[in-house]
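Novice: Have a look at the structure that comes next, please.
The values are calculated or read from the model by the stated rules, or taken from the named source; none is laboratory data. Note that the coordinates shown come from a computational prediction; the quantities given were computed from them, not determined experimentally. All Cβ positions, glycine included, derive from the backbone under ideal geometry; neighbour counts span all protein chains shown.
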Amino acid sequence: MTGSLTVIGLGPGDPRWLTPAASAALDAATDLVGYGPYVGRVPARDGLVRHASDNRVELDRARHALDLAAAGRAVAVVSGGDPGVFAMAAAVFEALEDARPEWAAIDIRVEPGITAVLAAAAALGAPLGGDFAVMSLSDNLKPWDVVTRRLEAALAADFVVALYNPISKARPWQLGEALKLAGRHRAADAPVAFARAIGRPDEAVRVLPLGEAEQAASTADMATLVLIGASATRTVGGADGRRFLYTPRSVGRLP
Ligand code: SAH
């Protein structure tokens, strides 16, 4: 009998940010497939087989999950945040392009999760109140000139720009370059937010003027989301000296 494959978003970290639907899908699974740290976030229970794997082999992991489902298992493929945002859901459908006959009857579903940019925005205030663009800064899966072309276009169009995967040990200079590019399109006092490990115990949020952000680029890491404000993005004061970052809903003069 053919089984099922559900690609599940675990949210940014706080277990309360796992949707009830995602939680029910995890409860129904016999097998858990995913990058080790995400698999590790799902509590162990009898009858749940874990298949943790390295982060770099998404397509192999997707094929493995499809094979398990074809053999009759109820497979949960897990990703942090939302599984459709720079994560496993696309890898599953890419693997499915092989069109293996044994995969044809698998019941495939995607359960959404809170993606990092939404969790970061809530921690900051409301920086996504206007139009925004979301990019992965990683050049592992696309050439760097594609990254810079898209980033320049988004900056030139005055979107708020959220950068996933801003930096890693293997990609130490790309974030600095991206912020340098931003300096050609934004004022030196435009706000740049570094939102780290949102929803986890080590959560940390910082907002810096663009002119200082480039220097601070090396303080970002793989758990950081970087958000570059649009020209209208600004801060407003709240209780206890707290400042909220937000982007007004309206642009220019309304009719
Ligand atoms: N599918 C995930 C994104 C995977 S790409 C999602 O929807 O959120 C991994 C990148 O996401 C990280 O490099 C970081 O930029 C961002 N990210 C993931 N979790 C985060 C968190 N809790 N806080 C801040 N950024 C996070």
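Novice: Inside region 202-221, can you point out the residues that are surrounded by 14 or more Cβ atoms within 10 Å (Cβ to Cβ), under 14 Å from K180 (Cα atoms) and among the acidic types (D, E)?
Specialist: Of everything in region 202-221, just one residue is surrounded by 14 or more Cβ atoms within 10 Å (Cβ to Cβ), under 14 Å from K180 (Cα atoms) and among the acidic types (D, E), namely E214.
Novice: Name, by its number, the condition in (1) touching a Lys or Arg at 6+ places or on another chain (Cβ under 8 Å); (2) touching a residue at least 24 places away in the same chain (Cβ under 8 Å) that does not hold for A44.
Specialist: (2)
Novice: Look at region 186-213 and say how many of its residues are without any contact (Cβ under 8 Å) to a residue 40 or more places away in the chain and either touching a His at 6+ places or on another chain (Cβ under 6 Å) or more than 21 Å from L10 (Cβ to Cβ) (or both).
Specialist: The number of residues fulfilling the criteria is 11.
Novice: May I pose another question? Tell me the residue from R206, R196, R186 that is touching a helix residue (DSSP H, G or I) at 6+ places or on another chain (Cβ under 7 Å) and of a type in the set (D, E, K, R), please.
Specialist: R186
Novice: I'm trying to understand the selection: among the residues of region 214-245, which are in a strand (DSSP E or B), out of contact with any helix residue (DSSP H, G or I) (no Cβ under 8 Å at 6 or more places or on another chain) and either closer than 21 Å to R200 by Cβ or among the hydroxyl-bearing types (S, T, Y) (or both)?
Specialist: If the condition is that a residue be in a strand (DSSP E or B), out of contact with any helix residue (DSSP H, G or I) (no Cβ under 8 Å at 6 or more places or on another chain) and either closer than 21 Å to R200 by Cβ or among the hydroxyl-bearing types (S, T, Y) (or both), then T224, T235 are the ones that fit.
Novice: Looking at (1) more than 16 Å from the ligand (Cβ to nearest atom); (2) surrounded by 19 or more Cβ atoms within 10 Å (Cβ to Cβ); (3) acidic (D, E), which is the one condition that is false for D107?
Specialist: Answer for D107: the failing condition is (2).
Novice: Here is a follow-up. Could you say which residue among V110, V92 is in the same structural domain as A21 (by TED's automatic domain parsing), assigned to a helix (DSSP H, G or I) and in contact (Cβ under 8 Å) with a residue 24 or more places away in the chain?
Specialist: The unique qualifying residue is V92.
Novice: Taking the condition in contact with a His (Cβ under 9 Å, 6 or more places away or on another chain), acidic (D, E) and surrounded by 21 or more Cβ atoms within 10 Å (Cβ to Cβ), does D31 pass?
Specialist: yes
Novice: Another question about this same structure. Are any of the residues in region 127-146 modelled with pLDDT of 95 or more, in a helix (DSSP H, G or I) and under 30 Å from R242 (Cα atoms)?
Specialist: No: region 127-146 contains no residue that is modelled with pLDDT of 95 or more, in a helix (DSSP H, G or I) and under 30 Å from R242 (Cα atoms).
Novice: Let me ask you something else. Working only within region 169-201, note down all residues that are under 19 Å from L128 (Cβ atoms) and either within 16 Å of the ligand (Cβ to nearest atom) or surrounded by fewer than 19 Cβ atoms within 10 Å (Cβ to Cβ) (or both).
Specialist: Within region 169-201, A178, V192, A193, F194, A195, R196, I198, G199 qualify.
Novice: Which numbered condition trips up V77, out of (1) surrounded by fewer than 24 Cβ atoms within 10 Å (Cβ to Cβ); (2) farther than 18 Å from V117 by Cα; (3) within 16 Å of the ligand (Cβ to nearest atom); (4) of a type outside the set (D, E)?
Specialist: The one condition V77 does not meet is (1).
This table checks each residue for (1) touching a Gly at 6+ places or on another chain (Cβ under 6 Å); (2) of a type in the set (F, W, Y); (3) surrounded by fewer than 16 Cβ atoms within 10 Å (Cβ to Cβ).
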site: L5; (1), (2), (3): no, no, no
site: L18; (1), (2), (3): yes, no, no
site: P37; (1), (2), (3): no, no, yes
site: A62; (1), (2), (3): no, no, no
site: A69; (1), (2), (3): yes, no, no
site: R73; (1), (2), (3): yes, no, no
